[in-house]
Amino acid sequence: MKIPFSWLQEHVPLTQTPAQVAEDLVRLGHEVESITLPRAGIQGVRVGHIISMLPHPDADKLKLLKVDVAAAEPLAIVCGATNMVEGDKVPVATVGTCLPDGLVIKKGKIRGEVSFGMCCSEVELGLAEDADGLLVLPADAPVGMEVGEYLELEEAVLDLDITPNRGDCMSMRGIARDLAADYDLPLIEPADEVAADDTDIALPVVSVSAHEDNPLYLARRIEGVKVSTSPDWMQAHLIAAGQRPINGVVDVLNYTMLDLGQPMHAFDADTLQGDLHVRLANAGESFKALDGKDVVLNEGDLVIADDEAVVALAGIMGAEATGVTAKTNNIILESAAFRAARISTTRRTCGLVSESSMRFERGVDPGMIEVAMDQAVHMIVELFGGKVSALTTVGDKQALIKDKTIDLSLQRISSRLGISIPESADAVLNRMGFGLRRYGDALAVSVPSHRHDVSIAEDISEEYARVIGFDAIPEILPTLATIKPRKVDTTISSAVAAGFVQVINYAFISAAEQRLFVADDGKDLVLENPISEAMAVMRRSVWAGLLNTAKYNMNRQQAGVALVEQGRIYEAKDGSTHQEINVLAWLMAGELESDTWFSQARKADFFDMKGAVEAWLGNRGLVARFMVDDEVKGLQAGQTAKIFVGKAVVGYVGKVDSDITANFDLNTDVFVASIDLDALNDGKKAKFQAIPEFPSIERDLVFLFDKHTSAEEILQTVRKAGGGQLTEARIFDMYAGQGVPEGKVSLGVRFVLQDAKRTLTQEDSDQAMQAIIAMVSEKFAAPLRG
């Protein structure tokens, strides 16, 4: 935001230099991007009087001028402009002058004629982006006077980057308020002139149905306005602030917005059809905005409409059809409060940004809504004439201006800033509009209506910090009460450390993708207004998103992928409520190992996926068990398992059905797994365990099982039968060939026995072996093979 220094001085009697003010604004928490010096930027450009003008002897389009600049003798200047005549007064850049675009004026020859300067247009002076010729000055302009001084160009313009939370500083008055409080200078109040009401002028009729989004709407009608250009002083202010003058009425409203921070809008009353209505738009309604853009509205956008059509997008931009032009005679002025969140949403969905929307999104001062209306009406009547109606008010003005109070302790602020809080800082905050009362260590702070960003104790700490000065805060951490260290969440980092790549997908998927892994049981959360059909429901499985990511990467010549995602899945519950479940999901597909001179490439298989899950759970101190489950939707029977931790099912692992992978253009086996993080317990903490002093005993047994018997059930039975001395059990061999009956399979089970206190004997080994044989035979009817 550009702040002309002279405009700032209209609100606060500054004696500091622009550079000093910029430094203090930075201390107060405002980012000053630059200081430009428009007047100094054209130092050396003088008012010149053309005393003679002759054609150039060697160039039809050039003129030879003699220009009086109050020097010892007139300057000879070669000029290519055509809009001047003998006797005109024009800006003349003398030799040695450096213009705003960096051009340094030198004595030189142009087509054989010597030129001792340059006559300038608005472009060379940095006052406009284009021009049709020289800037011709009024006849009474003093010859030889510095043009910057004559035009009363700004001494300085500060360019500030206003942070999103400081909507109160999106105006000259807002910045002046901070400076006045800091310098202990008076803040000059807005003029209190109010245009007299004329009872012959009908009040504007306004209805508001969207009260939550528009708590206050003010309107006045002015008849008999003669729209013309705004005065030079106003145009100069607007140009210095980065605004383009348009016409008198619009310039007054833009001036008021920059001055007081309250955006306003003017309607050509003769183009309106009936009354004004503040309402929510219907989907598909449209209008042409003032910038010429055709805007199609979404359901719920906040609009101003007459009886027939939309005439403005509330707080953002008016319609071209009802805008004020040079032909306008009667206008209706609007000054209102709009809910910041609604303006922000509408601005994004409609793709319109304006100076008005930027202020409403940050929050305007409700105390300035009527003040701005009075100022704008008075200026319009004074400059362009007209008769004014009484004020139409819809909403409660006082309800918006109510201050809020924050109670906190001074010790709390001091402990965070590392310094004691002087009472002199209270005085500065009082001048900024805060009300502060100290009661020993207690502090009660009344927050003014223009400070929407201050709502909690930490905000008050920040206000004290910027008033005292961040440079005054010690460069050491303050002493704070110790707290228990936060437990580091290694959920995703542990999986990444194992070689997986973390991905983050949208929680929205298509209804068709939902059905790949979840049955249609009526528990989907369907979006009312989805971005697209591909994002119509909240996901109940992470696997569809991982498949899309795998497709994207493998279609770009990736031989294999190993992906992991931590996120939430969503499920409807009990009618209007829903539950969110934290999950961790993996996907493996394609090559895990590339071919080398010593080995061939190897693709991922079920046991790679199972091992990754097992290792991840092991890192958390949890022991996983896997049981066959052929009923998981979307996963292939025979290569799918439930994941158990203790007696609870915490997830699933398996191979994705080939029909599904084909739909994703994946021509390789894809393996996935998912764990419900909310179902996991804390696990056992790792403890030191000394290397056993006594040797272990390893034994092998081979049984004949039914081929549908679960390997996990067999191992559980062996562990249970082996007793406390059994330290390990695993299947080391499987055979189903010649000599094995149909429907049977020969499995070799290896178990290890060890005691930390003594050497085991043959008797110990035999007892364990017999117990295992007996329990396996009893449970599975599996005979021991010879």
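The values are calculated or read from the model by the stated rules, or taken from the named source; none is laboratory data. In this text the structure is predicted, and so the values were computed from the model without any measurement. Because the Cβ atoms are built from the backbone with ideal geometry, glycine has one as well, and the counts that use them run over all protein chains shown. Heads up: the accessible areas ignore ligands, DNA and RNA and are worked out on the full protein's heavy atoms, side chains in. Shrake-Rupley method; radii C 1.70, N 1.55, O 1.52, S 1.80 Å.
Being under 30 Å from Met432 (Cβ atoms), surrounded by 11 or more Cβ atoms within 10 Å (Cβ to Cβ) and either among the aromatic types (Phe, Trp, Tyr) or touching a strand residue (DSSP E or B) at 6+ places or on another chain (Cβ under 9 Å) (or both) holds for only one residue in Tyr506, Tyr464, Tyr552, and it is Tyr464. Entry remark, the range 607-616: residues being surrounded by 16 or more Cβ atoms within 10 Å (Cβ to Cβ) and free of Cβ contacts under 8 Å to residues at least 40 places away in the same chain number 1 in total.
Here's a check for you: in the range 414-460, which residue that is of a type in the set (Val, Ile, Thr) and open to solvent by less than 70 Å² (accessible area, probe 1.4 Å) is nearest to Ala341 (Cα to Cα)? Show your work before the answer.
Looking only at the range 414-460, we keep the residues that are of a type in the set (Val, Ile, Thr), and these are 419, 421, 428, 445, 447, 454, 456, 460.
Restricting the remaining residues to those that are open to solvent by less than 70 Å² (accessible area, probe 1.4 Å) gives 419, 421, 428, 445, 447, 454, 460.
On the way: Ile419: 37, Ile421: 35, Val428: 31, Val445: 26, Val447: 21, Val454: 17, Ile460: 24 Å.
Among residues in the range 414-460 that are of a type in the set (Val, Ile, Thr) and open to solvent by less than 70 Å² (accessible area, probe 1.4 Å), the one nearest to Ala341 (Cα to Cα) is Val454.
The residues in the range 591-606 that are farther than 30 Å from Lys642 by Cα and either in contact with a helix residue (DSSP H, G or I) (Cβ under 7 Å, 6 or more places away or on another chain) or in contact (Cβ under 8 Å) with a residue 12 or more places away in the chain (or both) can be counted, and the count is 1. Between Asp665, Asp682, the distinction of being open to solvent by 80 Å² or more (accessible area, probe 1.4 Å), part of a loop (DSSP other than H, G, I, E, B) and on the phi > 0 side of the Ramachandran plot belongs to Asp665 only. Condition check for Glu308 on (1) over 16 Å from His265 (Cβ atoms); (2) surrounded by 22 or more Cβ atoms within 10 Å (Cβ to Cβ); (3) of a type in the set (D, E, K, R): one failure, at (2).
One line per residue, one yes/no per condition, for (1) more than 30 Å from Pro190 (Cα to Cα); (2) buried (at least 16 other Cβ atoms within 10 Å of the Cβ):
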site: Phe5; (1), (2): no, yes
site: Leu25; (1), (2): no, yes
site: Met53; (1), (2): yes, yes
site: Asp58; (1), (2): yes, no
site: Leu62; (1), (2): yes, yes
site: Gly96; (1), (2): yes, no
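Within the option set Asp88, Asp60, being among the charged types (D, E, K, R) and in contact (Cβ under 8 Å) with a residue 12 or more places away in the chain holds for one residue only, Asp88. Across the range 202-255, the number of residues qualifying as part of a loop (DSSP other than H, G, I, E, B), among the aliphatic types (A, V, I, L, M), under 21 Å from Met317 (Cα atoms) and open to solvent by 40 Å² or more (accessible area, probe 1.4 Å) comes to 2. Consider the range 312-350 and keep the residues that are in contact with a strand residue (DSSP E or B) (Cβ under 8 Å, 6 or more places away or on another chain) and more than 22 Å from Val206 (Cα to Cα). The one that is most open to solvent (accessible area, probe 1.4 Å) is Thr325. Is it the case that some residue within the range 71-82 is touching a residue at least 60 places away in the same chain (Cβ under 8 Å), open to solvent by less than 70 Å² (accessible area, probe 1.4 Å) and under 30 Å from Met257 (Cα atoms)? Checked against the condition, which is being touching a residue at least 60 places away in the same chain (Cβ under 8 Å), open to solvent by less than 70 Å² (accessible area, probe 1.4 Å) and under 30 Å from Met257 (Cα atoms), the range 71-82 yields no hits at all.
Which members of the range 152-170 meet the condition of being closer than 30 Å to Gly117 by Cβ and either modelled with pLDDT of 90 or more or buried (at least 21 other Cβ atoms within 10 Å of the Cβ) (or both)? Talk me through it step by step, then tell me what you get.
Our first condition is that a residue be closer than 30 Å to Gly117 by Cβ; within the range 152-170, this holds for 152-157.
Within the range 152-170, Leu153, Glu154, Ala156, Val157 meet the criteria.
Given the structure, is Gln16 open to solvent by 70 Å² or more (accessible area, probe 1.4 Å) and either of a type outside the set (Asp, Glu) or in a helix (DSSP H, G or I) (or both)? For Gln16, the condition - open to solvent by 70 Å² or more (accessible area, probe 1.4 Å) and either of a type outside the set (Asp, Glu) or in a helix (DSSP H, G or I) (or both) - is not met.
Within the range 106-120, being within 22 Å of Gly133 (Cβ to Cβ) and either open to solvent by 10 Å² or more (accessible area, probe 1.4 Å) or in a strand (DSSP E or B) (or both) holds for Gly108, Ile110, Arg111, Glu113, Ser115, Phe116, Gly117, Met118, Cys119. Mind listing just one residue for me: the one in the range 125-140 that is closer than 21 Å to His237 by Cβ and surrounded by 15 or more Cβ atoms within 10 Å (Cβ to Cβ) and, of those, farthest from the chain's Cα centre (by Cα)? The qualifying residue farthest from the chain's Cα centre (by Cα) is Leu137.
Asp471 falls short on exactly one of the conditions (1) at pLDDT 85 or above; (2) open to solvent by 50 Å² or more (accessible area, probe 1.4 Å), and that condition is (1). Mind listing just one residue for me: the one in the range 206-232 that is among the hydrophobic types (A, V, I, L, M, F, W, C) and more than 38 Å from the chain's Cα centre (by Cα) and, of those, nearest to Ala427 (Cα to Cα)? So, considering only residues that are among the hydrophobic types (A, V, I, L, M, F, W, C) and more than 38 Å from the chain's Cα centre (by Cα), the one nearest to Ala427 (Cα to Cα) is Ile222. Filtered by the rule that a residue be outside any helix (DSSP H, G or I), closer than 16 Å to Ile413 by Cβ, within 25 Å of the chain's Cα centre (by Cα) and not small (Gly, Ala, Ser), the range 436-486 gives Val454, Ile456.
Among the candidates Glu728, Glu763, Glu742, Glu778, the residue that is surrounded by 11 or more Cβ atoms within 10 Å (Cβ to Cβ) and either free of Cβ contacts under 8 Å to residues at least 12 places away in the same chain or of a type in the set (S, T, N, Q) (or both) is uniquely Glu778.
Return yes when Leu516 is in a helix (DSSP H, G or I), within 25 Å of Ala679 (Cα to Cα) and touching a Gly at 6+ places or on another chain (Cβ under 7 Å) and no when it is not. Explain how you work it out, then say what you get.
On the way: in a helix (DSSP H, G or I): yes; within 25 Å of Ala679 (Cα to Cα): yes; touching a Gly at 6+ places or on another chain (Cβ under 7 Å): yes.
The answer is yes for Leu516.
Mind telling me which of the residues Glu528, Glu580 ends up being among the acidic types (Asp, Glu), within 31 Å of the chain's Cα centre (by Cα), open to solvent by 60 Å² or more (accessible area, probe 1.4 Å) and at pLDDT 90 or above? Break it down into steps so the answer makes sense when it comes.
Values: Glu528 fails: at pLDDT 90 or above.
Going through Glu528, Glu580 in turn, the sole match is Glu580.
Do you know which of the residues in the range 141-180 that are assigned to a loop (DSSP other than H, G, I, E, B) and under 29 Å from the mean Cα position of the chain (by Cα) is nearest to Leu253 (Cα to Cα)? Give the derivation first.
Taking the range 141-180 first, the residues assigned to a loop (DSSP other than H, G, I, E, B) are 141-145, 151-156, 162-166, 170-171.
Applying the additional criterion that residues be under 29 Å from the mean Cα position of the chain (by Cα) yields 162-166, 170-171.
Details: Ile162: 21, Thr163: 24, Pro164: 23, Asn165: 24, Arg166: 22, Met170: 15, Ser171: 13 Å.
For the range 141-180, the residue satisfying everything is Ser171.
Determine whether Asp489 is part of a loop (DSSP other than H, G, I, E, B) and either open to solvent by 60 Å² or more (accessible area, probe 1.4 Å) or over 30 Å from Glu370 (Cα atoms) (or both). Spelling it out, Asp489 is indeed part of a loop (DSSP other than H, G, I, E, B) and either open to solvent by 60 Å² or more (accessible area, probe 1.4 Å) or over 30 Å from Glu370 (Cα atoms) (or both).
The one condition from (1) open to solvent by 10 Å² or more (accessible area, probe 1.4 Å); (2) closer than 30 Å to Ser455 by Cβ; (3) touching a residue at least 24 places away in the same chain (Cβ under 8 Å); (4) within 34 Å of the chain's Cα centre (by Cα) that Leu302 does not meet is (1). Looking across the range 617-630, the residues that are over 41 Å from the mean Cα position of the chain (by Cα) and either open to solvent by less than 60 Å² (accessible area, probe 1.4 Å) or among the charged types (D, E, K, R) (or both) come down to Ala624, Arg625, Phe626, Met627, Asp629, Asp630.
Being open to solvent by less than 20 Å² (accessible area, probe 1.4 Å) and within 17 Å of Thr256 (Cβ to Cβ) is the filter here, so list the residues in the range 171-192 that pass it. Steps first, please.
To start, the set of residues in the range 171-192 that are open to solvent by less than 20 Å² (accessible area, probe 1.4 Å) comprises 171-176, 178-181.
The answer is Ser171, Met172, Arg173, Gly174, Ile175, Ala176.
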